[in-house]
Amino acid sequence: MLKALIFDVDGTLADTERDGHRPAFNAAFREFGLDWEWDVPLYGKLLEVTGGKERIRFYVERFRPDFSQPKDFDDLVVALHKAKTRHYVELLGQGGIPLRRGVKRLLSEARDAGIRLAIATTTTPENVTALLRPALEGDISEWFEVIAAGDIVPAKKPAPDIYFWALDKLKLDAANCMALEDSENGVRSSTGAGLRTVVTVNDYTADHPFPGVAAVLSDLGEPGQPFRMIGGEAPEQDCVDLELLRRWHALAR
Ligand code: XBP
Ligand code: MG
């Protein structure tokens, strides 16, 4: 029986990476006088690594071997990331990034039906609040019972730990939940925790492999704006609703 939905944030609830996180990283680099500039294609490569601090380290190691790391490099990464979070929150405050098609509709339907909602993300908790506060009425805790975010577990996605943490707080078995993800790292994490997973792709993740998932979709769809099923036959309906999720969930068992 399906009792809870666990949502990834970046790329799944909203398209935050290209026009949210990426410019926020660049603003932090400028603030610190660094000549680092992450353009759209480079950022796609950097998304291989989840977590902002981890991504900065990966960039320096892989793409800036010329950068002579100061002795306090770890502190620099932490300070840069703190500035990046401030820029990201500011940027979202200036008009926000909308939720992806069908997200609010599905969240509302699930909540009304008594399906519990949770979040499992590698991003920083403040970023989740900054994204969701303008998009959802009321307090975020009235929507999401559990928010698993950021450094709460040391091993970020693709490790399954963040999903295990969320399941533990929900006090539910993976078999009674479904995950919604957008990326290969996310799917490795959710399926690694034993969760049946539905994927909504975006520009950065359209060609990722998603072995073992229930469905790969363009988005969740809205009435009159149907979703596309990627590599599979679409059911005859415009939207991913609870009834369809329950069908996909049941297929697993
Ligand atoms: C997305 C990520 C994050 C964000 C940046 O996570 O990989 O690293 O790009 O967030 P998810 P921070 O798809 O799991 O939500 O800079 O706050 O780490
Ligand atoms: Mg994601």
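The values are calculated or read from the model by the stated rules, or taken from the named source; none is laboratory data. These numbers were taken from a predicted model, which means no experiment stands behind them. Quick reminder, even Gly has a Cβ in these numbers, built from the backbone with ideal geometry, and neighbours come from all protein chains shown.
Among the residues of segment 31-38, at least one is at pLDDT 95 or above, within 20 Å of the chain's Cα centre (by Cα) and not hydroxyl-bearing (S, T, Y). For segment 29-55, taking the residues that are in a helix (DSSP H, G or I), within 13 Å of E17 (Cα to Cα) and not hydrophobic (A, V, I, L, M, F, W, C), the one that is farthest from ligand 2 (Cβ to nearest atom) is identified as P41.
Condition check ((1) under 18 Å from G11 (Cα atoms); (2) not assigned by TED's automatic domain parsing to the domain that holds K157) across all residues:
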{"position": "V77", "(1), (2)": "no, yes"}
{"position": "L80", "(1), (2)": "no, yes"}
{"position": "R86", "(1), (2)": "no, yes"}
{"position": "E109", "(1), (2)": "no, no"}
{"position": "R116", "(1), (2)": "no, no"}
{"position": "A120", "(1), (2)": "yes, no"}
{"position": "T123", "(1), (2)": "yes, no"}
{"position": "V128", "(1), (2)": "yes, no"}
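The set of residues in segment 94-149 that are within 20 Å of T50 (Cα to Cα) and polar (S, T, N, Q) comprises T121, T122, T123, T124, N127, T129. Of everything in segment 153-178 that is in contact with a Phe, Trp or Tyr (Cβ under 9 Å, 6 or more places away or on another chain) and either within 11 Å of ligand 1 (Cβ to nearest atom) or without any contact (Cβ under 8 Å) to a residue 24 or more places away in the chain (or both), the residue that is nearest to D8 (Cα to Cα) is K157. Contact map, segment 86-106: residues that are of a type in the set (V, I, T) paired with residues that are surrounded by fewer than 16 Cβ atoms within 10 Å (Cβ to Cβ), Cβ distance under 8 Å, separation 6+ or inter-chain. Pairs shown: V89/E126; I97/D19.
Considering only residues that are hydrophobic (A, V, I, L, M, F, W, C) and assigned to a helix (DSSP H, G or I), look in segment 1-25 and name the one that is farthest from D241 (Cα to Cα).
My answer is F25.
Just one of the listed residues (F67, F58) is more than 12 Å from ligand 1 (Cβ to nearest atom) and either touching an Asp or Glu at 6+ places or on another chain (Cβ under 9 Å) or in a loop (DSSP other than H, G, I, E, B) (or both), and it is F67. Within segment 89-135, restricting attention to residues that are of a type in the set (S, T, Y) and within 15 Å of ligand 2 (Cβ to nearest atom), the residue that is nearest to the chain's Cα centre (by Cα) is T121. Mind checking whether some residue in segment 220-240 is within 16 Å of ligand 2 (Cβ to nearest atom), assigned to a strand (DSSP E or B) and not aliphatic (A, V, I, L, M)? So far as segment 220-240 goes, no, none of its residues is within 16 Å of ligand 2 (Cβ to nearest atom), assigned to a strand (DSSP E or B) and not aliphatic (A, V, I, L, M).
Applying the criterion of being in contact with a helix residue (DSSP H, G or I) (Cβ under 8 Å, 6 or more places away or on another chain) and of a type in the set (D, E) to the residues of segment 1-34, the residue that is nearest to I119 (Cα to Cα) is D8. If you check F67, F58 for being over 30 Å from E243 (Cα atoms), surrounded by 14 or more Cβ atoms within 10 Å (Cβ to Cβ), at pLDDT below 95 and not assigned by TED's automatic domain parsing to the domain that holds R188, only one passes: F67.
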